[in-house]
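Take a look at the structure set out below.
Throughout, read-outs are computed from the coordinates displayed, never taken from laboratory work. Not measured: the values here are computed from a predicted model. A quick note on method: Cβ atoms are made from the backbone with ideal geometry, for glycine too, and the neighbour counts reach across all protein chains shown.
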Amino acid sequence: MRQTLRTKAIAICDKKIAQKGEGVGLSFYAFFANKNDDPALLMEAATWWIETHALDHFEKAVKIRDMIASGK
């Protein structure tokens, strides 16, 4: 996953956790606007989420943030 996506994803996870608490879940779609203006970046996130890590559709934001921050 490219660094710009990592940085954005961590910021979004932090924001969701601050708003709704540590139990909040999210999907990789949370990292994008409601329109598909960068399909390559969306596929990169989907590949990391689905193929690389075989994550469920919704995961805890804390888990995702920690995975991304650790370089996984």
message: Loop only by DSSP, 14 or fewer other Cβ within 10 Å of the Cβ. Give me the chymotrypsin sites (Phe, Trp or Tyr not before Pro) in the chain that pass, ordered by residue number.
response: 58
- prompt: If one computes the Cα centroid of the stretch 1-40 and of the stretch 45-72, what distance in Å separates the two points?
  reply: 11 Å
field: Residue with peak Gaussian network fluctuation, the chain [Cα springs, cutoff 10 Å], from 46, 30, 18
entry: 18
field: the chain: Rg to Rh, with Rh as the Kirkwood radius over Cα pairs
entry: 0.93
- line: Non-local residues with an amide H under 5 Å from the amide H of residue 25, with H modelled 1.01 Å from N and Pro and chain starts lacking one, are 61
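Placing unit charges on C-beta atoms (Lys and Arg positive, Asp and Glu negative, everything else neutral), compute the dipole magnitude of the chain about its Cα centre in debye, rounded to 20.
Values: 11 positive and 9 negative charges, 48 e Å.
Charge dipole, the chain, about its Cα centre: 220 debye, nearest 20.
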